[in-house]
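What follows is a set of notes on a single structure, which appears directly below.
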Amino acid sequence: MKGYILRRLGYSLVSLFLLSVTIFLFVRVTGDPAVLLVEPGASKDDLEMIRQQFGLDQPLPVQYGSFITSLLRGDFGQSFYYRTPVLELYLSRLPHSLLLAGAAMVFSLVVGIPTGIIAAVRVNRWWDSVGKIFALLGLSMPSFWVGLLMILFFSVYLGWLPSSGSGTLLHLVMPAIALGWVFAAAHMRLTRSSMLEVLGSEYVKLARLKGLPEALVISKHAFKNALIPVLTLAGINLVIMVNVAVVVETVFAWPGVGRLLYEGIAFRDFPVVQATVLLGGAMIVIVNLLVDILYAVIDPRIRY
Amino acid sequence: MNDSRSATLTLAWRLAAFRTEGFPVIPTAIIVTVALVAIFADALAPYNPELGTLGDRFRPPAWQAGGSEKYLLGTDHLGRDVLSRLIFGARVSMIVGFTAVIVAGFIGTVLGIISGYLGRWVDQVIMRLTDTWLALPALTFAIFLAAIVGPSVNNIIIILAAVYWTRYARVIRGEVLSVKERDFVRLAVVAGCSKWTIMRRHILPNVVNSAIVLGTLQLGVVIITEAALSFLGVGVPPPQPAWGLMLADGKKGLMAGYWWLTVLPGSCIMLMVLSANLLGDWLRVKFDPQLRQL
Amino acid sequence: MSGPLLEVRNLSTHYVSARGTRVTRAVDDVTLTLEAGATLGIVGESGSGKTTLALSLLRVLPPAGRIVSGEISFEGEDLLRKSNAEMRRIRGKRIAMILQDPMASLNPLFTVGDQVAEPIRVHDGASRRSAWSRAQELLKAVRIAAPETRVREYPHQLSGGMRQRIVGAIAISCEPRLLIADEPTTSLDLTIQAQYLNLLRDLQRAHHLALIFITHNLGIVAKMCDQVAVMYGGRLVESGPVARIYNAPAHPYTRALLESIPRLGDSRTRLTAIDGQPPDPAALPGGCAFHPRCPKVMDRCRAEAPPEFSVANAHTSRCWLSG
Ligand SMILES: Nc1ncnc2c1ncn2[C@@H]1O[C@H](COP(=O)(O)OP(=O)(O)O)[C@@H](O)[C@H]1O
Ligand code: SF4
Ligand SMILES: [Mg+2]
């Protein structure tokens with residue numbers, strides 16, 4: 001198992017390296033990086049200064065060397081708009097993002113798991129079709145449109161919920177649903193297929209042969225096993241949620257990392273955009289690694 | 001007369017036969033209709049989609065109180081005809097969606113074949129790169145690229161292709177690994193064909209089905225991403241009509257309850273994506289049972 | 001008690017595919033009888049319907065399976081007329097079953113003790129603690145060393161033979177009258193197989209169990225059973241006392257099976273010595289299902305399925321030659 005973890009760690013490091021190279025190269029090879037790295041409306045002299053400061057006239061490997069050393073020191077650059085270090089900005093917004101992603105995750109699990117189970121237990125019946133339609137709609141309705149529709153209905157027509165901002169629990173309801181919607185569909189699909197697999201297993205058959213009530217067979221023997229892949233996916237999805245929340249956060253003016261990214265675009269604040277992508281990618285790589293390690297620890301049957 | 005009738009009958013019979021195999025008639029019809037609307041947008045749209053009449057701002061659809069026959073589906077905040085914008089928006093969606101899927105499919109398939117067939121360090125490099133790009137959150141990555149190259153329809157296509165080729169590379173590589181063990185490839189090797197000839201003539205035809213299935217399944221994702229980028233202002237630049245952009249504009253009338261500016265463009269996106277997903281699902285089961293677990 | 005323990009009459013179980021287009025007659029018109037404390041061996045190639053027959057007796061079929069006709073009478077009660085709740089009280093309590101695959105039969109997420117104690121708690125309403133100590137006794141009864149530590153372990157910590165013993169402990173936990181063992185030793189290695197068979201026989205004597213022993217190994221049947229029933233394509237083609245059938249088989253299929261018996265000790269060899277493929281139960285040949293492979297085939301065999309003929313006392317055969 002130690003070898004396995006080390007190997008996974010090595011892969012993740014390679015991924016992080018390639019990630020930084022990718023971002024670095026994209027900034028350099030597409031046009032003049034100085035234009036991106038300088039504040040909008042800067043003079044020719046400012047451009048020249050930036051070229052000097054970032055060593056943009058030096059060979060690429062040298063440039064990359066200084067790029068990666070600043071990153072490793074936690075220096076992601078300075079926001080043009082907020083005039084503060086980007087990492088600080090990012091970290092100050094992260095709790096809001098995590099709150100939203102957490103709420104969206106709760107919503108997606110509360111909806112996805114029970115419907116997935118029902119769809120699995122009642123195979124090929126009415127419920128299963130309803131579940132399929134629900135899953136398809138989930139995958140076909142853009143989250144920001146779901147958000148806009150909810151604002152129209154619950155804020156404008158009914159006046160029940162605030163249409164934007166943050167602060168109270170009520171503010172959280174619609175963004176969480178809009179963001180969690182797609183994931184609810186995904187979690188439902190996975191719960192269903194995982195549950196179907198478990199229900200066909202020998203140990204579930206043996207549980208029935210023991211004379212256990214069907215409710216106990218499903219809730220104890222099938223459910224727990226079926227949940228493992230769903231929770232694994234949920235762990236990864238939580239991080240993905242933080243990163244795809246940009247549209248939903250924009251719709252609801254939710255002050256998370258996604259909104260920061262949107263501001264980065266709107267104010268042409270390139271360091272912010274670059275840092276958000278880098279940190280988002282790194283987060284996903286790291287969580288994937290953690291999930292794999294956790295799996296290996298929890299489930300000793302995994303010995304690659 | 002007789003001939004054309006029997007031709008119609010044959011066609012109907014064919015469609016019926018398709019139906020029994022679960023062919024998604026309605027989704028296909030929707031995609032074809034949207035494609036036709038996109039092609040004939042100039043003839044179909046009653047107004048110029050980019051020019052508005054400021055006196056006619058926020059007109060509701062014709063059937064609602066305050067609506068007028070002039071604007072069947074109402075107008076937006078600049079007094080532009082919503083119907084005309086939806087029609088031309090179809091053109092943008094189709095062009096961006098199909099081109100991006102084809103370009104991404106091309107890149108991914110080529111890299112997948114090279115990676116799978118050549119193996120060794122080439123495979124290692126390409127697959128590590130694929131993994132890394134897969135790890136990048138697609139939307140954030142696309143926004144980053146858009147921020148670098150600036151908004152335009154062409155750039156959107158390039159960006160979406162750059163973000164979405166990875167899926168093809170992964171799947172196609174897997175297929176190539178099994179195809180290259182088959183007898184006709186071995187024979188070709190023995191016959192002294194060059195690696196490139198083998199990849200082009202023997203491997204490619206055997207994985208093209210999977211690429212098409214994947215492409216159909218990705219069409220929906222690509223359309224949604226384009227809409228999201230346009231909605232955020234880094235996609236199709238205004239005043240061009242795109243469904244995502246219309247949703248962003250629609251926000252200006254949202255609090256006033258001007259529902260048509262939000263409901264109509266979103267419904268178009270949803271219908272397109274839903275249709276692509278249904279068609280893709282069918283193709284997947286039909287042509288490529290191995291892809292079922294995707 | 002008067003009358004046999006178990007009487008199965010004309011039982012048929014089919015698998016129906018999702019769209020209802022494919023029907024597999026996995027068990028077709030099966031009739032058999034078992035006395036209390038006796039041992040019946042069911043033999044047949046893989047796919048002949050043995051497992052389906054066993055699962056039908058307990059009414060625990062996969063979703064596609066349906067019992068379409070017949071009667072199952074156990075201790076004088078008609079099992080097919082029981083409600084689901086009544087059936088549940090019979091499973092594990094009065095009829096227990098050991099499944100084919102010991103590796104997959106235990107739930108990976110619960111301790112051994114929990115899984116052994118479960119039926120005791122459900123059927124006898126025992127407290128957690130008393131069920132737990134009973135579980136330890138049961139582990140001792142199936143000859144597992146150090147039961148007090150084993151109860152706290154998880155299935156993946158145990159060897160295959162150990163797991164199969166635990167499945168055995170679960171089966172006898174509520175002192176059933178009938179135990180069905182479905183190829184319980186197929187996946188074990190030879191020495192462990194022999195130990196397990198001894199264990200089963202000892203348990204059977206100690207608890208006066210009736211045993212249905214499913215296998216494709218006629219050698220094991222000879223050692224373990226009083227009665228034997230041979231299955232082919234979902235039907236019982238021959239049944240009777242072990243000694244009679246071994247000395248004077250009436251059905252050509254049984255005869256072929258006996259000729260292909262593996263040499264002593266080599267009990268893992270499959271029954272492959274018969275020419276031709278085992279039949280596909282979803283598309284059985286008309287007439288006698290064995291006719292494409294039968295050395296004695298006649299015209300009549302292709303046209304008409306033979307009924308069950310009585311060859312001698314308690315010995316039946318489904319072959320026109322026995323008529
Ligand atoms: N869940 C199922 N669905 C459909 N057919 C099945 C199912 N289980 C078993 N069968 C079919 O029923 C026949 C008998 O299977 P089984 O009872 O397992 O035979 P055996 O135990 O003798 O190997 C086989 O042809 C098998 O394909
Ligand atoms: S009935 Fe005919 S085919 Fe069937 S076993 Fe007897 S002789 Fe052979
Ligand atoms: Mg079996």
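The values are calculated or read from the model by the stated rules, or taken from the named source; none is laboratory data. Since this is a predicted model, take the numbers as computed values, not measurements. Backbone-built Cβ (ideal geometry, glycine too); neighbour counts: all protein chains shown. Surface accessibility is based on the protein's heavy atoms, side chains included, excluding ligands, DNA and RNA. Shrake-Rupley method; radii C 1.70, N 1.55, O 1.52, S 1.80 Å.
With the solvent-accessible surface defined on protein heavy atoms using a 1.4 Å probe, which residues belonging to region C:74-98 display a reduction of at least 40 Å² in accessible area in the multichain context relative to the isolated chain?
Relative to the lone chain, where solvent access is computed with a 1.4 Å probe, region C:74-98 loses at least 40 Å² at C:Arg88.
Note the direction-averaged projected area, equal to a quarter of the hull surface, for the Cα convex hull of region A:1-114, in nm².
11.5 nm²
Could you work out how far the C-alpha centroid of region C:292-323 sits from that of region A:71-94, in angstrom?
87 Å
For region C:92-122 and region C:1-74, what is the centre-to-centre distance using only Cα atoms, to the nearest Å?
After rounding, the separation between the Cα centres reads 22 Å.
Any idea what the alpha-carbon Rg over 2.2 N^0.38 Å comes to for chain B?
The reported ratio for this selection is 1.20.
When only alpha-carbon atoms count, how far does region A:105-153 stretch along each of its three principal axes, as whole angstroms with the largest first?
Here the spans come out as 35, 21, 17 Å, largest first.
Would you look at the GNM of chain B, springs on alpha carbons closer than 10 Å, and say which of B:Trp196, B:Trp165, B:Trp259 moves the most?
Of B:Trp196, B:Trp165, B:Trp259, the most mobile in the Gaussian network model is B:Trp196.
List every DSSP H helix in chain A whose Cα atoms extend 24 Å or more along the helix's own long axis and whose mean Kyte-Doolittle hydropathy is at least 0.0.
Taking the DSSP H segments of chain A (at least 24 Å long, mean hydropathy at least 0.0), we get A:2-29, A:86-121, A:169-199, A:223-244, A:270-298.
Below 8 Å, C-alpha to C-alpha, sequence gap of six or more: please give me the relative contact order for chain A in percent.
Dividing the mean separation by the residue count of chain A yields 26 percent.
What are the residues whose amide H is under 5 Å from the amide H of C:Ala210, where those residues sit 5 or more places off or on another chain and H is modelled from the backbone?
Sorted by chain and number, the residues that satisfy this are C:Gly37, C:Leu178, C:Leu179.
What whole-number value in Å² describes the accessible area per residue of the protein assembly as shown for a 1.4 Å probe?
On a per-residue basis, 45 Å².
Could you work out the mean count of beta carbons from other protein chains within 10 Å of each residue's beta carbon in A:272-282?
4
Just grab the label-to-label distance for A:Leu60 and C:Lys82, each label 7 Å out from Cα along the Cβ direction, in nm (one decimal).
So the two model labels end up 7.5 nm from each other.
Could you tell me what % of all Cα pairs in the protein assembly as shown have separations over 43 Å?
When every Cα pair of the protein assembly as shown is considered, 50 percent fall beyond 43 Å.
Is there a simple number for the mean count of other chain Cβ atoms within 10 Å of the Cβ of residues in B:142-151, and what is it?
Partner-chain Cβ atoms within 10 Å, mean over residues of B:142-151: 6.
As I understand it, the value is the acute angle between the Cα axis of helix B:2-20 and the longest principal axis of the Cα atoms of chain B; what does it come to in degrees, rounded to 10?
That helix lies at roughly 70 degrees to the long axis.
Using r as the Cβ-Cβ distance of C:Ala283 and A:Val21, and R0 as 41 Å, what FRET efficiency do you calculate, to the nearest 0.05?
Computed FRET efficiency for C:Ala283 and A:Val21: 0.10.
Using only the alpha carbons, work out the radius of gyration and Dmax of region C:17-113 in angstrom.
15.2, 44
Quick one: grab the alpha carbon gyration tensor of region A:65-208, order the square roots of its eigenvalues as a ≥ b ≥ c, and give me rounded if a/c is under 1.5, else prolate or oblate depending on whether a/b is larger than b/c.
oblate
Mind telling me which of A:Ile236, A:Ile117, A:Ile23 comes out most flexible in a GNM of chain A, alpha-carbon contacts under 10 Å?
Highest fluctuation among the options: A:Ile23.
How high is the FRET efficiency between A:Leu72 and A:Phe223 when r is their beta carbon distance and R₀ equals 60 Å, given to the nearest 0.05?
It comes to 0.85.
Could you pull the accessible area for B:Val189 with a 1.4 Å probe, rounded to 10 Å²?
Surface accessible to solvent at B:Val189 totals approximately 80 Å².
With a ≥ b ≥ c the root eigenvalues of the C-alpha gyration tensor of chain A, is it rounded (a/c under 1.5), prolate (a/b larger than b/c) or oblate?
Since a/c reaches 1.5 but b/c is at least a/b, the shape of chain A is classed as oblate.
Quick one: which residues, 5 or more positions from A:Phe80 or on another chain, have an amide H under 5 Å from its amide H? H modelled 1.01 Å from N in the peptide plane, none for Pro or chain starts.
A:Val272
When chain B is modelled as a GNM with alpha-carbon springs shorter than 10 Å, which of B:Gly220, B:Gly119, B:Gly233 fluctuates the most?
The residue that fluctuates most here is B:Gly119.
Please give the average number of partner chain Cβ atoms lying within 10 Å of the Cβ of each residue in C:60-68, rounded to a whole number.
Mean inter-chain Cβ contacts per residue within 10 Å come to 2.
Quick one: which of B:177-188, C:224-235, A:101-112, C:310-321 comes out on top by average Cβ neighbours within 10 Å, and what's the full order, highest first?
C:224-235, A:101-112, C:310-321, B:177-188
Give the A-B buried accessible area in Å², both sides summed, 1.4 Å probe, nearest 100.
Buried surface at the A/B interface: approximately 3800 Å².
Summed for both chains, how many Å² of accessible area, to the nearest 100, are buried between A and C with a 1.4 Å probe?
Chain pair A/C: roughly 2200 Å² of buried accessible area.
Rounded to the nearest 5, what is the percent of antiparallel bridges among the DSSP beta bridges in the protein assembly as shown?
Of all bridge pairs located within the protein assembly as shown, approximately 60 percent are antiparallel.
If R0 is 25 Å, what FRET efficiency do you get for C:Arg255 and C:Ala303 from their C-beta distance, rounded to 0.05?
After rounding to 0.05, the efficiency reads 0.65.
So, in nm, how far is label C:Glu137 from label C:His207 when the simple model puts each one 7 Å beyond its Cα toward the Cβ?
Here the answer is 1.3 nm between the modelled labels.
Working with all protein chains in place, sort C:Met162, A:Met49 by solvent-accessible area computed with a 1.4 Å probe, largest first.
Reading off the accessible areas and sorting them downward yields A:Met49, C:Met162.
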